[in-house]
Amino acid sequence: MPGDGIGPDVSQCATQVLNAVADRNGHTFRFDEQLIGGAAIDATGDPLPPQTIASCQAADAVFLGAVGGPKWSDPNAEVRPEQGLLKIRSVLNVYANIRPVKIYSELVGASPLRAEILEGVDMIVVRELTGGIYFGAKTRDESSASDLCLYTVKEIERIVRVAANLASARRGKLCSIDKANVLETSRLWRDVTDRVMAAEFADIEVETLLVDAAAMHLLSRPADFDVLVTENMFGDILTDEASMLAGSMGMLPSASLGDGTVGLYEPIHGSAPDIAGLGIANPCGAIASAALLLRHSLGLDKEAASIENAIAEAIAAGARTADIVTGGNKSITTWEMTTEIIRCLS
Ligand code: NAD
């Protein structure tokens with residue numbers, strides 16, 4: 001689902017890389033392109049048409065570019081592109097959004113933080129994706145509005161287990177982020193997290209942070225974090241913040257997983273209307289999302305690693321889109337960056 005703005009550009013790059021991987025490894029990937037977001041509203045009046053849902057449900061994995069843009073962002077509009085995004089996450093029941101934040105040493109200069117703070121940063125943010133305030137009942141009248149934030153014990157247990165399992169396979173550290181000093185949902189989050197971790201993951205070191213403090217610690221000591229787990233809205237905000245450690249929103253991939261192998265894969269950025277159509281969008285986040293797709297939905301670990309290595313090699317060789325230009329490197333287009341990455345594929 002290419003979506004809107006720069007979504008179609010970066011999706012095309014990801015598709016090109018997947019086809020190049022298929023060529024080199026004797027695979028055939030079958031693609032079925034469908035509408036979502038503003039493009040779907042324009043064509044059908046619905047941000048997630050039934051045909052798109054059916055195609056996603058029949059697929060082994062779903063790739064999404066990005067949705068949204070000024071054309072569809074009238075706050076009073078009844079139909080909005082983002083409704084398509086929330087609905088497909090819910091339809092596929094992909095409740096665990098996994099966002100690795102890895103720093104390429106050559107891009108340290110592209111981050112607003114000092115190099116010594118960024119040394120050793122390698123974390124995964126696990127964001128709960130199908131509950132919380134984004135999905136709660138909404139009200140609006142002339143004088144007030146409300147959004148309900150609701151979490152169930154089951155929703156918290158399953159996301160904590162996903163994060164704890166990831167931590168077990170890494171440095172064995174889990175940081176749970178909430179706002180338990182103010183919010184009842186956060187007090188439940190903390191109780192459930194403490195219980196699950198003590199009962200099932202006693203060997204994992206658990207740290208608990210309030211979200212406001214976490215926002216600060218992410219900038220002051222990012223290398224301390226291994227796996228972070230948090231609820232939907234906090235994760236949405238903190239992952240944009242964390243993207244600046246990597247130098248640009250355009251660098252980071254995400255995988256949204258449920259209980260089976262079908263996943264939804266998308267770069268963490270939006271449709272970037274300010275650069276749409278200019279051919280300068282960074283395709284790395286989308287291409288790295290395609291790598292996650294190969295690993296988590298198709299079980300192709302070696303091929304996934306070959307994409308990740310190719311991105312690292314292209315960057316090491318000086319390939320830079322405008323958002324990550326550092327030092328004396330000149331910027332190249334979205335398509336040139338993709339060609340460089342394909343050239344580096346093993
Ligand atoms: P954005 O992520 O689209 O852009 C934020 C900034 O980062 C912009 O300056 C943009 O140019 C830059 N940027 C983003 N991706 C980039 C890339 N690949 N290469 C280079 N620069 C990049 O966020 P926004 O501007 O707040 O939102 C724009 C629209 O996208 C809105 O309609 C919003 O609702 C939507 N959105 C969609 C998603 C999604 O589809 N998953 C996520 C976030 C925002």
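The values are calculated or read from the model by the stated rules, or taken from the named source; none is laboratory data. Source: prediction; values computed, not measured. FYI the Cβ positions are ideal-geometry reconstructions off the backbone, even for glycines, and counts take in every protein chain you see. Side chains included, ligands, DNA and RNA excluded: accessible areas come from the protein's heavy atoms. Shrake-Rupley method; radii C 1.70, N 1.55, O 1.52, S 1.80 Å.
Taking all protein chains as shown and a probe of 1.4 angstrom, Met244 keeps an accessible surface of around 70 Å². Sequentially through the stretch 32-43, phi angles give Karplus couplings (6.51, -1.76, 1.60; θ = phi - 60°) of 10, 8, 9, 7, 8, x, x, 4, 6, 5, 4, 7 Hz, Gly and Pro residues having no value and appearing as x. In terms of the Cα gyration tensor, with a ≥ b ≥ c the square roots of its eigenvalues, is the stretch 203-295 rounded because a/c is under 1.5, prolate because a/b exceeds b/c, or oblate? Taking the square roots of the gyration eigenvalues as a ≥ b ≥ c, the stretch 203-295 is oblate. Taking one quarter of the surface of the C-alpha convex hull of the chain gives a mean projected area of 17.5 nm². Check each of the GluC sites (Glu not before Pro) in the stretch 125-232 and keep only those in coil by DSSP with at most 11 other C-beta atoms within 10 angstrom; list them in order. Passing both the DSSP loop test and the Cβ count: Glu142.
Distances between placed amide hydrogens fall under 5 Å for Val125 paired with Arg99, Val101, Leu228, all partners being 5 or more residues away or on another chain. Once neighbouring chains are kept in place and the probe is 1.4 Å, which whole percent of the accessible area of the stretch 112-246 is contributed by carbon and sulfur? Ligands and nucleic acids excluded, carbon and sulfur reach 56 percent. Is the shape of the stretch 112-246 rounded, prolate or oblate, going by the alpha carbon gyration tensor and its root eigenvalues a ≥ b ≥ c, with a/c under 1.5 for rounded and a/b larger than b/c for prolate? Taking the square roots of the gyration eigenvalues as a ≥ b ≥ c, the stretch 112-246 is oblate.
Scalar couplings 3J(HN,Hα) for the stretch 13-24, obtained by applying the Karplus form with A = 6.51, B = -1.76, C = 1.60 to θ = phi - 60°, are 4, 4, 5, 4, 5, 4, 5, 5, 5, 4, 4, 6 Hz; x denotes Gly and Pro.
Sorted largest first by accessible area at a 1.4 angstrom probe radius, with every protein chain in place, the residues Arg158, Arg343, Arg171 fall in the order Arg343, Arg171, Arg158. As a calculated quantity, the FRET efficiency between Ala145 and Asp122 at R0 = 35 Å, using C-beta atoms, amounts to about 0.30.
Accessible surface area normalised per residue over the stretch 1-95 is 47 Å², counting heavy atoms of protein chains with a 1.4 Å rolling probe.
A 1.4 Å probe over all protein chains sorts Trp189, Trp72 by accessible area into Trp72, Trp189, starting with the largest. 3J(HN,Hα) along the stretch 258-269, derived from phi through the Karplus expression 6.51 cos²θ - 1.76 cosθ + 1.60 where θ = phi - 60°, amounts to x, 7, x, 9, 5, x, 10, 10, 7, x, 6, 7 Hz, with x in place of Gly and Pro.
For the stretch 112-246, the solvent-accessible area of protein heavy atoms averages 47 Å² per residue (probe radius 1.4 Å; ligands and nucleic acids excluded).
Between amide H atoms placed 1.01 Å from N, distances below 5 Å from Ile332 occur with Arg320, Thr321, Ala322, all of them 5 or more places distant or on a separate chain.
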